[in-house]
1. Could you check residue A:115 against (1) at positive phi; (2) under 21 Å from the mean Cα position of the chain (by Cα) and say which number it fails?
2. Hey, among A:81, A:48, which residue is within 14 Å of another protein chain (Cβ to nearest Cβ), in contact with a Phe, Trp or Tyr (Cβ under 9 Å, 6 or more places away or on another chain) and surrounded by fewer than 22 Cβ atoms within 10 Å (Cβ to Cβ)?
3. Output the residues belonging to the stretch B:170-213 that are closer than 27 Å to residue B:89 by Cβ, among the aromatic types (Phe, Trp, Tyr) and touching a helix residue (DSSP H, G or I) at 6+ places or on another chain (Cβ under 6 Å).
4. Among the listed residues A:12, A:73, A:7, identify the single one that is free of Cβ contacts under 8 Å to residues at least 12 places away in the same chain and either touching an Asp or Glu at 6+ places or on another chain (Cβ under 7 Å) or over 20 Å from residue A:168 (Cα atoms) (or both).
5. What's the number of the condition residue B:78 fails, among (1) more than 14 Å from every other protein chain (Cβ to nearest Cβ); (2) open to solvent by 60 Å² or more (accessible area, probe 1.4 Å); (3) in a helix (DSSP H, G or I)?
6. For the stretch A:17-29: of the residues being open to solvent by 30 Å² or more (accessible area, probe 1.4 Å) and touching a strand residue (DSSP E or B) at 6+ places or on another chain (Cβ under 9 Å), which is nearest to residue A:230 (Cα to Cα)?
7. Is there any pair linking a residue in the stretch B:27-43 that is closer than 13 Å to residue B:153 by Cα to one that is open to solvent by 50 Å² or more (accessible area, probe 1.4 Å) and at pLDDT below 95, with Cβ under 7 Å and at least six apart or on different chains, and which?
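The values are calculated or read from the model by the stated rules, or taken from the named source; none is laboratory data. What you see is a predicted model, and the numbers here were worked out from it, not measured in a lab. When we count neighbours, we look across all protein chains shown, and the Cβ atoms used for this are built from the backbone with ideal geometry, even at glycine. Accessible surface areas use protein heavy atoms only, side chains included; no ligands, DNA or RNA. Shrake-Rupley method; radii C 1.70, N 1.55, O 1.52, S 1.80 Å.
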Amino acid sequence: MSQNLLEIRSLEKWFGKLQVFSDVDLDIRQGEVVSIIGSSGSGKTTLLRCINLLEPFQKGTIRLNGEEIGYKEVGARRVRLPESLIARQRIHTGMVFQQFNLFPHMTVLKNVTLGLTKVQKLSAADARAQAEKWINRVGLADKINAYPSQLSGGQQQRVAIARAIAMNPLVMLFDEATSALDPELVGEVLQVIKELAQDGNTMILVTHEMRFAYEISDKVIFMDKGKVAKVGTPKEIFEDRDLPRLQEFLSTFNVDLGGRRAEDRDH
Amino acid sequence: MNFWASIVASQTTLLTGLWNTISSSLLAIAISTVVGILFGIILAYGNRIVKIPFRIYVDVIRGIPGLVIVFSVYYFIDFWLRSIGFALPPFAAGFIALSVNAGAHVTENVRGALQSIPKGQIDAGKAIGMRFGQILWYILIPQAVVRMLPPWLNTITEIVKGSSLLALIGVAELLLTTQQLIAKYNNALFYYAYVGVIYLIINVAIESVGKYAEKKIGRGINA
């Protein structure tokens, strides 16, 4: 057993003839907050989707809590596990999507309890208690019976966060959680994510919120052209002097690292 | 017999016709809906090879006039049954033909509704650990039902109107009984108008129930 919660080795992903990324290695320890940055098309989101087994990958391994997920070796052949097993492995990862992806035909409460009752098989009362706890935590107690269409984007994303974290996953994955939001709604969502980080949750964030990544992360990964170009502390990444591509990328954001105001936007 | 007496006398005959129209339509609606949901799910999510026969069924049936389907089913099944010593009642051939025809349309209604649901819904279901069956049942179908309701209602009214084709294989439904009454009492103009109004009433009733249902089940989606 290693001490790493998540271990990615030599991961390689193709969409048909297009290579999305290759040689991705990544170690994440319990309680670590890791941000993945990089220009669009660099493979960040796809990497996150591979970790959640939403995308197949062609090479490499992902181990979560010591267990290899998604694939197994049968003789010399590598086969993807059946969907029923993959569904079970996904319970350990929670995911928050750019487009929220709330279930529009269900109330806020039902969105959060669905997985608790149908996947974790909690009783209706336990599921409700668990869901209410998290809906309160994201500050939406008064919206518990609202439908997603009655909520603002920021509120919807907070519900989506509650839905994911209520399942008590080992790792939370945030896929550009604030990119689809109006600027004035970004702050409330980042605040919730920050609180989850401070609670000691293990998290991976794909983000364009550079200053947020700088403040909240233990480790930042810069992806460029389908490779992990640099891994380091926020300081090492944002004050990089060796990698022109990284400097070029960061310069497009005009990051103000001295800022302390939560509502600051960096693009 | 004077005009008014003939109308009174024809009501029982028309009622039999109405019953045949309604019962053959209801059977066709039930069968085509079950078939359409199953086939629609297969066409939306099945693998490429599995889809082929269902795709062929839908495209072939939708490309053929309803009357040709009615005759084909009637003569084909009749021919086949006779060879094993049975006779096929026209009514049975009729509702089977209507079902075969409408099944292709409902399949497309269902497939279209399912495929119009954003892919993110499936991802979100997977992300909370649901299996595909659960995603289908709890997430996709409830949303698809809301989306397919308007085209499905359309298909239903087409079934009711299409049931008049069964007159041509000798099912005594509304149109055929009307024609029988015309042969007996004349007054073609009146009887065709009269039966037209009956069809209209049935379809307006279906539409209004449908509109009500759309409102009821559309919560959160038709906001």
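1. Of the numbered conditions (1) at positive phi; (2) under 21 Å from the mean Cα position of the chain (by Cα), the odd one out for residue A:115 is (1).
2. Criteria check complete, one pass: A:81.
3. Listed by number, the list holds a single entry, B:191.
4. A:73
5. (2)
6. Out of the qualifying residues, it is A:25.
7. Hits for this filter: zero, empty list.
A quick yes/no check of all residues on (1) within 14 Å of chain B (Cβ to nearest Cβ); (2) surrounded by fewer than 14 Cβ atoms within 10 Å (Cβ to Cβ):
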residue: A:31; (1), (2): no, yes
residue: A:63; (1), (2): no, no
residue: A:69; (1), (2): yes, no
residue: A:86; (1), (2): yes, no
